[in-house]
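Here the structure is laid out as structure tokens; the discussion comes afterwards.
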Amino acid sequence: MEDLRLEAIDLVKSYGHVQALRGADFSVRSGEVVALVGDNGAGKSTLIKCLSGAIQPDSGRILLEGREVSLSSPVAAQQLGIETVYQDLAIALDLDPAANLFLGRELKRSGILGRLGVLDKRTMKAQAEASFGSLGVRLQDMNTPIGSLSGGQRQSVAVARSIAWASKVVFLDEPTAALGVVQTRNVLDVIRKVRDKGVSVALISHNMPDVMSVADRIEVFRLGARVAQLRPDLAHGSVSGGPVGL
């Protein structure tokens with residue numbers, strides 16, 4: 001496959017007698033949205049955790065742009081340009097959008113103030129506004145705590161935060177779950193803009209209309225392994241509307 005960004009080959013992961021991954025394969029190209037679909041327990045989340053450094057596979061290989069890598073932790077994955085947005089979003093509800101964007105990566109003032117730990121809030125706010133604006137994320141007040149925003153706005157901020165730091169791959173775990181129609185459309189628009197920037201996107205979703213509208217390719221998982229790869233334009237006629245697990 002040409003222009004592969006990230007590839008998993010024959011990943012195996014067991015928890016005692018339960019085999020979560022049974023020789024699982026996965027691939028995503030540069031600037032491509034790949035949807036991971038399958039029933040609960042199919043191994044999708046375990047695969048994403050292996051590819052984001054959250055857990056270690058028992059065996060198998062992970063290649064980033066053709067080079068085998070060891071993702072020993074989420075920090076190691078982030079250093080390679082791989083970011084993940086989980087369902088719980090992992091955002092600080094009491095902090096504003098800019099503070100959330102730079103959470104763990106805060107900018108400090110120059111000179112002695114920086115050495116004393118004083119944050120450069122003005123620069124962080126300006127960069128956050130530019131980052132959100134480039135993805136079409138519209139926030140009326142950058143000083144408002146995240147906890148007071150709508151579900152769709154929180155989701156968009158969480159996605160934008162990952163995109164701001166991801167240079168290679170972004171994993172999104174059910175990014176439109178529990179969102180309304182307008183909020184879902186906004187999040188899907190952000191995903192398309194991420195793809196257009198050349199970042200690879202792996203999307204876990206049970207919502208087939210979302211998958212069909214945004215994915216360039218679909219990988220179907222069952223019992224811990226990939227069992228099919230589909231192109232939405234060819235599969236469209238055989239998939240009915242509504243959330244389903246393939």
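Count of the stretch 1-23 residues, restricted to those that are at pLDDT 95 or above and among the β-branched types (Val, Ile, Thr), is 2. The residues on offer are 139, 172, and the sole one that is touching a residue at least 40 places away in the same chain (Cβ under 8 Å) and farther than 25 Å from residue 47 by Cβ is 139. Summed over the stretch 26-68, residues that are within 11 Å of residue 169 (Cα to Cα), of a type in the set (D, E, K, R) and under 13 Å from the mean Cα position of the chain (by Cα) total 1. Here the condition is being of a type in the set (Val, Ile, Thr), more than 30 Å from residue 140 (Cβ to Cβ) and touching a residue at least 24 places away in the same chain (Cβ under 8 Å); of 85, 69, 34, it holds for 34 alone.
Is it the case that residue 139 is more than 18 Å from residue 36 (Cβ to Cβ) and not in a helix (DSSP H, G or I)? Answer is yes for this residue.
Just one of the numbered conditions (1) touching a Ser or Thr at 6+ places or on another chain (Cβ under 6 Å); (2) surrounded by fewer than 22 Cβ atoms within 10 Å (Cβ to Cβ) is not true of residue 83: (2). Of the residues examined, residue 93 is not one that is surrounded by 13 or more Cβ atoms within 10 Å (Cβ to Cβ), assigned to a loop (DSSP other than H, G, I, E, B) and either among the basic types (Lys, Arg) or in contact (Cβ under 8 Å) with a residue 12 or more places away in the chain (or both).
The values are calculated or read from the model by the stated rules, or taken from the named source; none is laboratory data. Keep in mind the model is a prediction, meaning the values are calculated, not measured. Quick reminder, even Gly has a Cβ in these numbers, built from the backbone with ideal geometry, and neighbours come from all protein chains shown.
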